[in-house]
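Here is the structure we will look at, set down as structure tokens.
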Amino acid sequence: MSLSEFQEIVEDFDILDDWEDKYRYIIDLGKKIEPLDDALKNETTKVEGCASQVWLTYKLTGTGQSKNVVFNGESDALIVKGLIAIILTLFNGTEVNQCKNIDALAELSKLGLQEHLSSQRANGLRAMIDK
């Protein structure tokens, strides 16, 4: 995953005319991420502040200064799982020390999500990014 993959999502969003289609697209993105093993769904990986059940995990790949982070996540809600997939495109494969340089909320604003998510989902999205 990468910022270029995120840019593809932005471009796809621009093509879609209405929010019903955009929600379907988000759900489809969520269906493409690998499900978490049940053992990884615990209090340590759970994201607090989400109305849905959300879990985020990560692992480091590489060595030394070039360690990259790979996140995975899951939710019991289809749209939220799609939001996780979008967030993963922003961060996965990034060098650990570069993650803090990604302004996820600014990037996500390119999709216009804030105006179309319930306040609970918007809060949950921020909680996922913070985690």
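The values are calculated or read from the model by the stated rules, or taken from the named source; none is laboratory data. Predicted model, so just to flag it, every value in this text is computed and none were measured. In this analysis, Cβ positions are derived from the backbone assuming ideal geometry, glycine residues included, and neighbour counts consider all displayed protein chains. Just the protein is used for accessible areas: all its heavy atoms, side chains included, with ligands, DNA and RNA removed. Shrake-Rupley method; radii C 1.70, N 1.55, O 1.52, S 1.80 Å.
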Exercise. Round to a whole angstrom and tell me the spacing of the C-alpha centers of segment 8-39 and segment 61-101.
Key: 16
Quiz item: Stretch Lys110-Tyr23 to full length: gain in nm at 0.36 nm per residue minus the Cα-Cα span?
Solution: 29.8 nm
Quiz item: How high is the FRET efficiency between Leu36 and Leu78 when r is their beta carbon distance and R₀ equals 25 Å, given to the nearest 0.05?
Solution: 0.95
Quiz item: How much solvent-accessible surface does Asp103 expose, in Å² to the nearest 10, with a 1.4 Å probe and all protein chains in place?
Solution: 90
Quiz item: Counting Lys and Arg as +1 and Asp and Glu as -1, each charge on the Cβ, what is the dipole of segment 56-131 about the Cα centre in debye, to the nearest 20?
Solution: 120
Quiz prompt | Exposure of Arg24 as accessible area (Å², to 10), given a probe of 1.4 Å and all protein chains | solution = 120
Practice problem: Quote to one decimal, in nm, the extra length available between Glu48 and Asn101 on full extension: 0.36 nm per residue of separation minus the C-alpha distance between them. | Solution: 16.8 nm
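Which shape class, rounded, prolate or oblate, goes with the chain when its Cα gyration tensor gives a ≥ b ≥ c as root eigenvalues, a/c under 1.5 marks rounded, and past that a/b bigger than b/c marks prolate? Don't skip to the end; give the middle numbers.
Values: a/c = 1.72, a/b = 1.24, b/c = 1.39.
Verdict is oblate for the chain.
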Practice problem: Leaving ligands, DNA and RNA out of it, rank Phe71, Phe13 by accessible area with a 1.4 Å probe, largest first. | Solution: Phe71, Phe13
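Considering only protein heavy atoms and a probe of 1.4 Å, how much of the accessible area of the chain is carbon and sulfur, as a whole percent? Before the final figure, lay out the partial values.
Values: 3630 of 7470 Å².
On the chain, the fraction of accessible area on carbon and sulfur atoms equals 49 percent.
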Quiz item: Roughly how much of Ser52 is accessible, in Å² to the nearest 10, using a 1.4 Å probe?
Solution: 30
